[in-house]
Amino acid sequence: MIDKFLNKIVQGDCLELFKQMPDNSVDMTFADPPFNLKKGYNSYKDNLKLQEYLIWCEQWITEMVRVTKPTGSIFVHNIPKWLTFYSGFLNKQADFKHWITWDAPTAPMGKTLQPAHYGILFYVKDCKQLKFYEVRYPHKRARKSNMLAKDYGGKKGLLHPFGPLVSDVWTDIHRVKHNKFRDEHPCQLPIHLLERLILMITDENDIVLDPFSGTGTTAIASKRLGRQYIGFELDEKYVKITENKLLQEQTNSKIGDCWVSFYLDDIVTLRNNDWNYIKDFYYIPNTVEEIDQQQIILKTKINIQTPIKSFTNFNYITNNFESIMSSTLFEKN
Ligand SMILES: C[S@@+](CC[C@H](N)C(=O)[O-])C[C@H]1O[C@@H](n2cnc3c(N)ncnc32)[C@H](O)[C@@H]1O
C-alpha cells in the first residue's frame, strides 16, 4: 500500500492521504505545519480559530505516530506556543526524547520577549526500540581570529578534531533568508537542518515522511542522503516546484562510503561512528593548539581520487584545486 507513495510528493490534504498509509510503515516522520500566523501561502488560509487549529493538529499528530515504525522517530517543528500543546498530545501516545532548540530569530508577537528560537519536538514510538546515531558538527570559531569560540573549561586537550557532539541546542544552522536560495514559499526550512535529523535516526533506504512538504526540503534532504521519501502537500504549485527541484538533485551527499551533510562545501553534520573513516579525508593538525587556531580542512587530493559518484563536491574542488592546494593550510594566524 505504501509503494504508490514512495519517492513521491502527493498533492492533497494530509489527513485524507494518511488514511491510505499502513500502521508502522515509515522510519521517520517530520512535520513543519502551518503556524496559524496568517502566513501568505499560495492557497492555504493560515488563520483557523484556536480550538479548530488545535483539534486539527491533534489529528495529524496522531496519524504521524500511527504510521511511524516502533524503531522510528517523530519530529514536529513550530513556535514554542504551539509545541506546548503538541507535547500534551504526543505524551499520550509516544515517548518524549528531546525539545530541540533551534536558535533562529522569529517575529515578535505583541508584548513579548524577542522570540529567538523555534522548537523541534523529538518523540520516539518506543524508546526501547529506538534507532539513534550520535552526530557531530564543526567547532564554532570566532569570526575574526578563526580561533575556537569556546574555551572548553580548560579541557581543550580532549577536543574532538572535527567538533562536538550535537546537543539539544542548535546555533549553527541559519534560516533561509536570501532570495537567491528561496522558492516562492513563505517558510522554507534549510536543507541541512533536515539532513541533521535524518542522519541522527535513519539508515540508507529508510523512509522519511513529511505531511506538510511545502517546497520539499525534507524530500530533497532525504534524496541527497540516499533515503526514501514521501511528501504530502495541499498546494499544487508547491508540489510542482518540489518535483522540478527533485529532478535536479542527486543521491550523493557522501564522503567515500559515508553519508554526510554539506553546507557551502563543508561538512556540517557527520555521524560519530563514521569519524574513523572520514578523518582520512581531512588534513588534521597534530596538536590541540593547532586545532584551536586552524579549522581542519578536507584533503582535496584524496577527494579527487575518490569516485565521482560518491563525492558531492567534485566540481567545486576541481575548479578550485589550485587555490585550495596552494593555501597555507597549517600556518598559524
Ligand atoms: C510551514 S509550510 C512547510 C514548509 C516546508 N517545511 C519547507 O521547507 O518547504 C506548511 C505547508 O503545509 C501545507 N498545508 C497546509 N494544510 C495542509 C494539509 N491539510 N495537508 C497538506 N499540506 C498542507 C501548506 O500549503 C504549506 O506549504
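Every read-out reported here was derived from the displayed coordinates using simple, explicitly stated rules and does not represent laboratory data. Just so we're clear, the structure is a prediction, and the values are computed from it rather than from any experiment. Cβ atoms come from the backbone with ideal geometry, glycine included; neighbour counts cover every protein chain shown.
Quick notes on this one:
- When V65, V76 are sorted by how many other C-beta atoms sit within 10 angstrom of their C-beta, beginning with the fewest, the order is V65, V76.
- As a calculated quantity, the FRET efficiency between S145 and L113 at R0 = 35 Å, using C-beta atoms, amounts to about 0.65.
- For V176, neighbours were defined as the other residues whose beta-carbon sits under 12 Å from its Cβ, and their charges (Lys and Arg +1, Asp and Glu -1) total +3.
- Cβ-based exposure ranking for Y41, Y229, in which fewest neighbours within 10 Å come first: Y41, Y229
- Taking 0.36 nm per residue of separation and subtracting the current Cα-Cα distance, fully stretching the chain between F181 and L247 would add 22.1 nm.
- Taking 0.36 nm per residue of separation and subtracting the current Cα-Cα distance, fully stretching the chain between H174 and W56 would add 39.5 nm.
- Taking amide H as placed 1.01 Å from N in the peptide plane, the amide H of K97 sits under 5 Å from that of F122, Y123, V124, each at least 5 places away or on another chain.
- One quarter of the surface of the convex hull around the alpha-carbon atoms of the chain equals 18.5 nm², the direction-averaged projected area.
- Distance in nm between pseudo-label sites at D95 and R66 (7 Å out along the Cβ direction from Cα): 2.3 nm
- Taking the DSSP bridge list for the stretch 1-158 and keeping only pairs wholly inside it, about 75 percent are antiparallel.
- Between D3 and N24, the simple spin-label model (points 7 angstrom out along Cα→Cβ) gives 2.1 nm.
- In the stretch 1-82 the Cα-Cα distances spread across 10 Å bins starting at 0 as 15, 48, 30, 7 percent of all pairs.
- Across the stretch 8-156, the fraction of Cα-Cα pairs farther apart than 17 Å, rounded to a whole number, is 70%.
- In Å, descending, principal axis extents of the Cα set of the stretch 54-130: 41, 25, 15
- Compactness relative to 2.2 N^0.38 Å, alpha carbon Rg of the stretch 177-287: 1.16
- For the stretch 112-263, the ratio of Cα radius of gyration to the globular rule of thumb 2.2 N^0.38 Å stands at 1.18.
- Antiparallel DSSP beta bridges within the chain, percent to nearest 5: 60 percent
- Among the listed pairs K49/K81; K144/K279; K97/K131; K69/K92; K45/K177; K4/K254, a Cα-Cα separation exceeding 21 Å is found for K144/K279; K45/K177; K4/K254.
- Under 5 Å from the amide H of M147 lie the amide H atoms of A142, each residue being 5 or more positions distant or on a separate chain, with H modelled from the backbone and absent for Pro and chain starts.
- Highest GNM mean-square fluctuation among L90, L270, L159, for the chain modelled with Cα contacts below 10 Å: L159.
- Residue exposure sequence - Y86, Y238 - by fewest surrounding Cβ within 10 Å: Y86, Y238
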